[in-house]
Amino acid sequence: MWSWSRRRSAEEVRAGLRATIAEHGWAVIYVPDDHPAIHYTVGLTEHDLPELILFGCDETLGGNLVNDLAVLLVDGRTFADGDPIQELTEGAVKLELHTTTKEAPAGLARLLYGQDVHLRQLVLPDVAGRMPWQPESHDAFAQQLLFDPPT
């Protein structure tokens, strides 16, 4: 996970991100201060892909999910909105990816690429396998949805 300090200048942050992206292909940013916590990528834009965002996971789980999904996408895997993604959990849990249509808290991606950053949100089900928009969902991850949920 990429580490940064709010005491660094915008240019120092850009330089640090560019160095990480040059070495690893992208960076995974973890923002624990927000409730729920946020993970998002910076650098997939350079692969002609949307950045990824995930809400509500702890640092390790969320970082692994976002990074592993980035690997799949950079390697050419495609997922339509709402397609089940089971590769990240060895089939144990069905995750979904959705194109965002609402403002996303991905400030470092915007710092590097400008305001027109495209994002897709990785969404996790509750412990019973229900997505946050489904009836009786117990959204233990308190996910903020950045798209209009399927009906």
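So who's got an amide H within less than 5 Å of the one on residue 52, skipping anything under 5 residues away but keeping other chains? H placed 1.01 Å off N, in plane.
It is 41, 120, by chain and number.
Return a whole-number percent for the relative contact order of the stretch 101-140, with Cα pairs under 8 Å and 6 or more residues apart as the contact set.
22
Report the full-extension gain for the segment residue 126 to residue 35: residue separation times 0.36 nm, less the Cα-Cα distance, to one decimal in nm. Could the numbers behind the result be given before it?
Numbers: separation 91, 0.36 × 91 = 32.76 nm, distance 1.74 nm.
Extra length from residue 126 to residue 35 when fully extended: 31.0 nm.
Please determine, in degrees from 0 to 90 and to the nearest 10, the orientation of helix 59-74 with respect to the longest principal axis defined by the Cα atoms of the chain, where the helix direction is its Cα long axis.
On a 0 to 90 degree scale, this one is about 80.
Between helix 10-24 and the chain, what is the angle of the helix's C-alpha long axis to the longest principal axis, kept within 0 to 90° and rounded to the nearest 10?
Between helix and principal axis, roughly 70 degrees.
When the dipole is taken about the Cα centre of the chain, and only Lys, Arg (+1) and Asp, Glu (-1) are charged at their Cβ, what size is it in debye, to the nearest 20?
400
With a/c under 1.5 counting as rounded, go ahead and sort the stretch 1-73 into rounded, prolate or oblate using the C-alpha gyration tensor (a ≥ b ≥ c being the square roots of the eigenvalues; past the cut-off, prolate if a/b is larger than b/c, else oblate).
Verdict is oblate for the stretch 1-73.
List, in order, the whole-Hz ³J(HN,Hα) value for each residue of the stretch 102-115 obtained from phi through the Karplus relation with A = 6.51, B = -1.76, C = 1.60 and θ = phi - 60°; use x for Gly and Pro.
10, 4, 10, x, 10, x, 6, 5, 5, 4, 7, 10, x, 6
Set the Förster radius R0 to 22 Å, insert the Cβ-Cβ distance between residue 9 and residue 110 as r into 1/(1 + (r/R0)^6), and round the FRET efficiency to 0.05.
Values: r = 16 Å, r/R0 = 0.73.
Efficiency at R0 = 22 Å is approximately 0.85.
How much mean residue ellipticity at 222 nm does the chain get from its helices, if each DSSP H run of length 4 or more adds -39500 (n - 2.57) and you divide by all residues, to the nearest 500 deg cm²/dmol?
Rounded to the nearest 500, it is -8000 deg cm²/dmol.
Provide the gained length on full extension for the span residue 99 to residue 151, in nm with one decimal, where the gain is 0.36 nm per separating residue minus the Cα-Cα distance.
Gain on stretching residue 99 to residue 151: 17.2 nm.
Please work out whether the chain counts as rounded, prolate or oblate from its C-alpha gyration tensor, where a ≥ b ≥ c are the square roots of the eigenvalues and a/c under 1.5 means rounded, while otherwise a/b larger than b/c means prolate and anything else oblate?
Verdict is prolate for the chain.
Every read-out reported here was derived from the displayed coordinates using simple, explicitly stated rules and does not represent laboratory data. What you see is a predicted model; the values in this text were computed from it and never measured. As a convention, Cβ positions derive from the backbone with ideal geometry for all residues, glycine included, and neighbour counts pool all protein chains shown.
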